[in-house]
Amino acid sequence: MTDTRRRVKLYALNADRQWDDRGTGHVSSNYVERLKGISLLVRAEADGSLLLESKIQPDTAYQKQQDTLIVWSEGDNFDLALSFQEKVGCDEIWEKICQVQGKDPSVEITQDIVEESEDERFDDMSDSAPPIELPPCELSRLEEISELIASCLSSPLRKEKLAAAIENENYIRKLLNLFHMCEDLENAEGLHYLYEVFKNIFLLNKNALFEVMFGDDTIFDVVGCLEYDPSLPAPKRHRQYLKTCSKFKEVIPMSNPELLAKIHQTYRVQYIQDVVLPTPSVFEDNMLSTLSSFIFFNKVEIVNLIQEDEKFLSDLFSQLTDESTLDSKRRDLVLFLKEYCNFSQNLQPQGKETFYKTLSSLGILPALEITLSSEDIPTKTASIDILTYIVEFSPSVVREYTLQQTSSSDEELILLNVIIEQMICDTDPELGRAVQLMGILRILIEPENMLASINKTEKTDFLNYFYKHTVYTCS
């Protein structure tokens, strides 16, 4: 199957609540005799092997997220996700799931209630688990609203019903209208209630609510609500920082508006998670797991979108190595490349391998020979970080490149010698860069991680070159 509409990545959530890439393939929905029902089948792109065979159960809660994700739980503590290359393919499979379960495809979750333990079910049966009725969204009812939301957090069933009510009644936008009124009136009490309300809405852990809160027209108001922590003597200034102090530099023009929007959104949501929200230790375990997954999938999508744009990356490396490029411009290019490599850490090994192959083919190692020797400290430091990412993932790439350089007439320009030169000439009083470069060098000359079984000459040739032509540089 070559139809890109049905091309997907299969993910499974591991014990550390991180998503593992289970492979790339194509998804279909067919009747499987053995399972006695319509099932989701994913066959590997590489060899056609079966990556997934999952019967669409009538009571499983499937969630559609970010237009190209379908997430569900299969058994206890085994979450799966399909990340589609194209929205239309996601819509097709979603319609099939909804058809099997008898649901309207316009919903974003096919079941209202998650599976609960018998104790939890018994607790909620005491009041027959009535629907959550939200108070009118008025200034005079803010205390009542805050207390209601806080009271639902201890019960999984009531959390589900509360999240559904907030979504169905477009309650977040109504609350944000109250936020504007409270700021205009300088109503400190109301702003303190709104802080508690939005802090607890995050704890509902619902992607559908995040989609609303992280929209271009709402995210700054949500951040604004979280500035008014009643335990602090004065409000924070997170919006001011995001709007004025943090500026995204488009070092190479981006023609894809979806990519630009995704980068802006991811930065702001990461800031909310890292800076704005209280430290996660004060919450129950996994209470913000969906927020982490939101950021994770955004970063994976950003890496893939950039990697698919050959012109963007070609232009980046062309300017990076051009002698006429201004130092300030080269610094911005290297800092962008470092952040790009940082995002790639969310990829699984197979994806990382493709990622670094792409960068190698575009000439990242020759570029680093130039930027490592830069007199500009931020450029040099970021270059060391990039090289660290590469060497930690695949030291053989750097060894192979070094051996290809051995015919060069100028040994000072060989990457390995550039590394050593920068290590022994580090101007940092604490030798921070030197220590990092020593770590890189240690990995490169470590015989235990050399591919002796695959390339019998790597260990011999590389170590011979190192001890005959490089060690003297250290003396």
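Results, tabulated for the structure shown:
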| quantity | calculated |
| --- | --- |
| Residue identified as modelled with pLDDT under 90, within 35 Å of the chain's Cα centre (by Cα), assigned to a helix (DSSP H, G or I) and not basic (K, R) among I454, I384, I440, I420 | I420 |
| Residue satisfying condition, being surrounded by 19 or more Cβ atoms within 10 Å (Cβ to Cβ), of a type outside the set (S, T, N, Q), under 16 Å from I272 (Cβ atoms) and over 24 Å from the mean Cα position of the chain (by Cα), within set V223, V197 | V197 |
| The one condition in (1) out of contact with any strand residue (DSSP E or B) (no Cβ under 6 Å at 6 or more places or on another chain); (2) touching a residue at least 24 places away in the same chain (Cβ under 8 Å); (3) among the polar types (S, T, N, Q) that Q99 fails to fulfil | (2) |
| Residues satisfying the stated conditions in segment 387-412, i.e. open to solvent by less than 20 Å² (accessible area, probe 1.4 Å) and at pLDDT below 85 | T402 |
| Among the residues listed as E33, E86, E45, the single one being under 22 Å from K262 (Cα atoms) and either without any contact (Cβ under 8 Å) to a residue 24 or more places away in the chain or charged (D, E, K, R) (or both) | E86 |
| Count of segment 355-372 residues which are in contact with a Leu (Cβ under 9 Å, 6 or more places away or on another chain) and over 21 Å from I263 (Cα atoms) | 11 |
| Among (1) assigned to a loop (DSSP other than H, G, I, E, B); (2) over 22 Å from H192 (Cα atoms), the one test that P233 misses | (2) |
| Cross-chain or 6+ apart pairs with Cβ under 7 Å, segment 178-206 first and at pLDDT 95 or above, then buried (at least 20 other Cβ atoms within 10 Å of the Cβ) and of a type in the set (F, W, Y) | L191/Y228; H192/Y228; L194/F179; L194/Y228; Y195/Y228 |
| Residue list for segment 48-58, filter: without any contact (Cβ under 8 Å) to a residue 40 or more places away in the chain, within 18 Å of C90 (Cα to Cα) and under 28 Å from the mean Cα position of the chain (by Cα) | E53, S54 |
| Which numbered condition T244 fails, given (1) part of a helix (DSSP H, G or I); (2) within 30 Å of V107 (Cα to Cα) | (2) |
| Which numbered condition G363 misses (of (1) surrounded by fewer than 18 Cβ atoms within 10 Å (Cβ to Cβ); (2) at negative phi) | (2) |
| Helices (runs of 4 or more DSSP H) enclosed by segment 288-355 - at least 2 residues per element that are β-branched (V, I, T) and either open to solvent by less than 10 Å² (accessible area, probe 1.4 Å) or touching a Ser or Thr at 6+ places or on another chain (Cβ under 8 Å) (or both) | 289-308 |
| Boolean, A261 is within 30 Å of F312 (Cβ to Cβ), open to solvent by 20 Å² or more (accessible area, probe 1.4 Å) and touching a residue at least 24 places away in the same chain (Cβ under 8 Å) | yes |
| Output for segment 1-15, where each listed residue is open to solvent by 50 Å² or more (accessible area, probe 1.4 Å) and not in a strand (DSSP E or B) | M1, T2, D3, T4, R5, R6, A15 |
| For M181: the one exception among (1) surrounded by fewer than 20 Cβ atoms within 10 Å (Cβ to Cβ); (2) in contact with an Asp or Glu (Cβ under 6 Å, 6 or more places away or on another chain); (3) of a type in the set (A, V, I, L, M) | (2) |
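The values are calculated or read from the model by the stated rules, or taken from the named source; none is laboratory data. Predicted model, so just to flag it, every value in this text is computed and none were measured. Counting neighbours? That spans all protein chains shown, and the Cβs are built from the backbone with ideal geometry, glycine included. With ligands, DNA and RNA removed, areas are computed over all heavy atoms of the protein, side chains included. Shrake-Rupley method; radii C 1.70, N 1.55, O 1.52, S 1.80 Å.
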